[in-house]
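Chemist: So that we are looking at the same thing, I have put the structure below in structure tokens.
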């Protein structure tokens, strides 16, 4: 398979982009779905922001370097990656905080309805933010399994909140169909794009989605804990109301009025002052993804994951694939269930193959096609076959749990 | 006065610290209360975090560089600056978001009471966050002027929310007395330390304060939009409950449970993933402030502001001082009312003296004693006298308003 991998790499139109990232020697990085790699442009950008803008121009940079518009500008660049208009997307806070804002916004629009419908096993923070509003007495959480969601949509459901691609299994929802079903039941829909944005084309407006949130530090390569983004369809802008009504979301922050007056559109999703260093780093990641193009990334991602399955089959490795076999039904990852998934993952990391573990029993391998080669995939299959065959994952050191798994 | 300034600088025990900051040539920076200057250690720290931790060690840095504990670690370093114990302070989100969490926490502890008492003209975001909860139907805003606050404390007041030092006037509350009065009325107290933390010693625990929030980008020199911090007195930790219950505030984030279980103490104030680059930059600023010491900073601050008043008087400048004359009753700033404050501020900036304007009519000069010299103060007085005398502030270009004032 190494020979075939070499041919595929030679023919890969994205091969050149690997050089746009800083990547350590001897590492095959299959965790770009958890923390995207460092774009080479980012350190220089940060150096400029820190030394010239902050150090040199100090407070003036809010105007001269246009820090004040950075959240809108970067949001506007994310928009085309997810099928939205520039003014419908803004960078702010974290995914969790944005979920709180948009669940609240949906509740405010849906008087008489307070059920937020989601699925058990959704990414925890999505559920926890519903539970936070539930404790405030404002929401009621309802969970239904994937195949029961449409039936669970009734007159009480204010909002359907789903993660487009499941963080653990990689299963992908049919965004158009679910959005339509929710709307038919009078519910609004909030899509969490954390495992989608920057990995594949998303068509929020074509699907008539109402709200979305997404993550800056995965496929957008924005750096550890990069700020998140939020989308609100234009048709909802006038009625958009959210309780984290901070001064940066005010129509005139520098009038210092006592009474809150919301800024237009998605700008009213801003709350406090944005962490400029982190937003600037995110902009570099977004620019690079936009340059490569999500269509091309997604095409290569499917080729990479398909090739891994072929290589594993060729090597006689039989693992329990949790992700859908059909690449159009999964995200940019392959997840395998194994009762010793944690140790297996650690044994691979010791060999320089970095995937991750998701409790209780999933080994997750993510494909960030901007910097992954087909040769890396063939090597991954070989390492995985060797680790399983030799039983080296059984070494005691591979079972010691770290704080972050 | 220049001669005297020279003597004071020669005798200044903090003089050496100016060299620990990157400061542009020819600038007198009197806006460290809005955006603190760049510590020289910060660019190198960011370079390490970006190139080695993110670029080199990638996802592993959550454990190997202990990114996961960064919010607690930096919070623990801020704690002694504000009279708190390490485990009572955590770095998270923005001041605004932390206000929302802690106002909510107070409401949850005070069943039957929903009034949040503050003053008109408090920093807008403090009021806007009350208003956000009011729109949710959970809080009721009550505003009382400074001298009427104690009388406004009745059985309905759940929380007294005040900014310790007023952003515009520099007036300082008597934290001990107000906290005591609130407690006697059965109310809890939340202090906004945005214009206090890192500028002067604060004694949260000695004053028996319940909650506090504070800003990372002013006197702590954490960089533009640096993350904020939150304090909760230990006695409230067990009952602490807040609605932004994100996964990083869960007792076991990596168990990926469907049900939220709060982490111990202030850790449950964490919501989403912290912006690591920005928190790392903040740590450098905090380390430097801690090294210099808030007692020494405050002593020099009072000397600086007193000296400016002397120099202005000597130069025959008569301006309407909004800040208290008694340095123990004000923060680390002097504010002057002038009907053309905006143009006056711009004219000073054109001469390299950077203060700021606060609508509608305040010229605000902040003292960050770690990098300000007495010579800068004498020069400031001279420039101010010349600008006023010559009328150069009347030039039309000085009246053109920028986006951020």
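The values are calculated or read from the model by the stated rules, or taken from the named source; none is laboratory data. Every value quoted in this text rests on a predicted model; they were computed, and no experiment measured them. A quick note on method: Cβ atoms are made from the backbone with ideal geometry, for glycine too, and the neighbour counts reach across all protein chains shown.
Chemist: Looking at (1) farther than 26 Å from residue A:47 by Cα; (2) within 11 Å of chain A (Cβ to nearest Cβ), which is the only condition residue B:56 fails?
Modeler: (1)
Chemist: Output the number of the condition that residue A:231 fails; it satisfies all remaining conditions of (1) touching a helix residue (DSSP H, G or I) at 6+ places or on another chain (Cβ under 6 Å); (2) in a loop (DSSP other than H, G, I, E, B); (3) crowded, with 24+ Cβ neighbours inside 10 Å.
Modeler: So the condition that residue A:231 fails would be (2).
Chemist: Can you tell me which residues in the range B:14-29 are assigned to a strand (DSSP E or B), at the interface with chain A (Cβ under 10 Å from one of its Cβ atoms) and in contact (Cβ under 8 Å) with a residue 24 or more places away in the chain?
Modeler: B:21, B:29
Chemist: Here's a check for you: in the range B:120-131, which residue that is part of a loop (DSSP other than H, G, I, E, B) and in contact with a strand residue (DSSP E or B) (Cβ under 6 Å, 6 or more places away or on another chain) is nearest to the other protein chains (Cβ to nearest Cβ)?
Modeler: B:120
Chemist: Can you list residue pairs whose Cβ atoms sit under 9 Å apart, with the first residue in the range A:88-99 being over 13 Å from residue A:246 (Cα atoms) and the second being modelled with pLDDT under 95 and not in a helix (DSSP H, G or I)? Count only pairs 6 or more apart in sequence or on different chains.
Modeler: none
Chemist: Please verify whether the range B:2-17 includes one or more residues that are more than 24 Å from the chain's Cα centre (by Cα) and at pLDDT below 95.
Modeler: Yes.
Chemist: Please state which of the following conditions residue B:112 fails to meet, knowing it meets all the rest: (1) out of contact with any strand residue (DSSP E or B) (no Cβ under 9 Å at 6 or more places or on another chain); (2) at pLDDT below 95.
Modeler: Residue B:112 satisfies every listed condition except (1).
To keep it simple, each residue is scored yes or no on (1) part of a loop (DSSP other than H, G, I, E, B); (2) surrounded by 19 or more Cβ atoms within 10 Å (Cβ to Cβ); (3) more than 10 Å from chain A (Cβ to nearest Cβ); (4) at pLDDT 95 or above.
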site: B:217; (1), (2), (3), (4): yes, yes, no, yes
site: B:222; (1), (2), (3), (4): yes, yes, no, yes
site: B:238; (1), (2), (3), (4): yes, no, yes, yes
site: B:272; (1), (2), (3), (4): yes, yes, no, yes
site: B:283; (1), (2), (3), (4): no, yes, yes, yes
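Chemist: With (1) touching a strand residue (DSSP E or B) at 6+ places or on another chain (Cβ under 8 Å); (2) in a helix (DSSP H, G or I); (3) away from every other protein chain (no Cβ under 14 Å) as the list, and residue A:324 as the residue in question, which single condition is left unmet?
Modeler: (2)
Chemist: Restricting to the range B:327-343, name every residue that is assigned to a loop (DSSP other than H, G, I, E, B), out of contact with any strand residue (DSSP E or B) (no Cβ under 8 Å at 6 or more places or on another chain) and without any contact (Cβ under 8 Å) to a residue 40 or more places away in the chain.
Modeler: Selection gives B:339 alone.
Chemist: I'm told residue A:98 meets every condition in (1) at the interface with chain B (Cβ under 10 Å from one of its Cβ atoms); (2) more than 15 Å from residue A:197 (Cβ to Cβ) except one. Can you identify the failing condition by its number?
Modeler: Against the list (1) at the interface with chain B (Cβ under 10 Å from one of its Cβ atoms); (2) more than 15 Å from residue A:197 (Cβ to Cβ), residue A:98 comes up short only on (2).
Chemist: Right, something else. Identify all residues within the range A:78-87 that are surrounded by 24 or more Cβ atoms within 10 Å (Cβ to Cβ) and either in a helix (DSSP H, G or I) or within 11 Å of chain B (Cβ to nearest Cβ) (or both); write none if there are none.
Modeler: Within the range A:78-87, A:78, A:81, A:82 meet the criteria.
Chemist: Which one is farthest from the other protein chains (Cβ to nearest Cβ) among residues in the range A:358-404 that are part of a loop (DSSP other than H, G, I, E, B) and closer than 21 Å to residue A:171 by Cβ?
Modeler: Looking at residues that are part of a loop (DSSP other than H, G, I, E, B) and closer than 21 Å to residue A:171 by Cβ, I get A:369.
Chemist: Go through (1) over 23 Å from the mean Cα position of the chain (by Cα); (2) away from chain A (no Cβ under 12 Å); (3) at pLDDT 95 or above one by one and return the number of the condition residue B:74 breaks.
Modeler: It fails just one condition, (1).
Chemist: Tell me which of these residue B:346 doesn't satisfy, since it passes every other one: (1) part of a loop (DSSP other than H, G, I, E, B); (2) in contact (Cβ under 8 Å) with a residue 40 or more places away in the chain; (3) within 14 Å of chain A (Cβ to nearest Cβ).
Modeler: Status for residue B:346: all satisfied but (1).
Chemist: Which of the residues belonging to the range B:30-46 are in a helix (DSSP H, G or I) and more than 7 Å from chain A (Cβ to nearest Cβ)?
Modeler: B:41, B:44, B:45
Chemist: Looking only at residues that are more than 19 Å from residue A:100 (Cα to Cα) and within 7 Å of chain B (Cβ to nearest Cβ) in the range A:242-259, which one is surrounded by the most Cβ atoms within 10 Å (Cβ to Cβ)?
Modeler: Top of the filtered list is A:256.
Chemist: Anything in the range B:152-198 that is in contact with a strand residue (DSSP E or B) (Cβ under 9 Å, 6 or more places away or on another chain), more than 24 Å from residue B:327 (Cα to Cα) and outside any loop (DSSP other than H, G, I, E, B)? List them, or say none.
Modeler: Answer for the range B:152-198, where residues must be in contact with a strand residue (DSSP E or B) (Cβ under 9 Å, 6 or more places away or on another chain), more than 24 Å from residue B:327 (Cα to Cα) and outside any loop (DSSP other than H, G, I, E, B): B:152, B:157, B:158, B:159, B:160, B:182, B:183, B:188, B:189.
Chemist: If you scan the range B:3-21, which residues turn out to be buried (at least 19 other Cβ atoms within 10 Å of the Cβ) and either farther than 20 Å from residue B:303 by Cα or in contact with a strand residue (DSSP E or B) (Cβ under 8 Å, 6 or more places away or on another chain) (or both)?
Modeler: The answer is B:21, and nothing else.
Chemist: Give the residues of the range B:370-405 that are buried (at least 20 other Cβ atoms within 10 Å of the Cβ) and touching a strand residue (DSSP E or B) at 6+ places or on another chain (Cβ under 8 Å), sorted by residue number.
Modeler: Of everything in the range B:370-405, those that are buried (at least 20 other Cβ atoms within 10 Å of the Cβ) and touching a strand residue (DSSP E or B) at 6+ places or on another chain (Cβ under 8 Å) turn out to be B:370, B:371, B:372, B:376, B:380, B:384.
Chemist: Quick check: is even one residue across the range A:302-320 within 13 Å of another protein chain (Cβ to nearest Cβ) and either on the phi < 0 side of the Ramachandran plot or not in a loop (DSSP other than H, G, I, E, B) (or both)?
Modeler: No - not one qualifying residue is present in the range A:302-320.
Chemist: Take the range A:60-77 and flag every residue that is more than 16 Å from residue A:286 (Cβ to Cβ) and surrounded by 21 or more Cβ atoms within 10 Å (Cβ to Cβ).
Modeler: Scanning the range A:60-77 gives A:61, A:62, A:67.
Chemist: Here's a follow-up. Could you list all residues from the range A:132-148 that are crowded, with 21+ Cβ neighbours inside 10 Å and either more than 8 Å from every other protein chain (Cβ to nearest Cβ) or touching a strand residue (DSSP E or B) at 6+ places or on another chain (Cβ under 8 Å) (or both)?
Modeler: Selection gives A:133, A:139.
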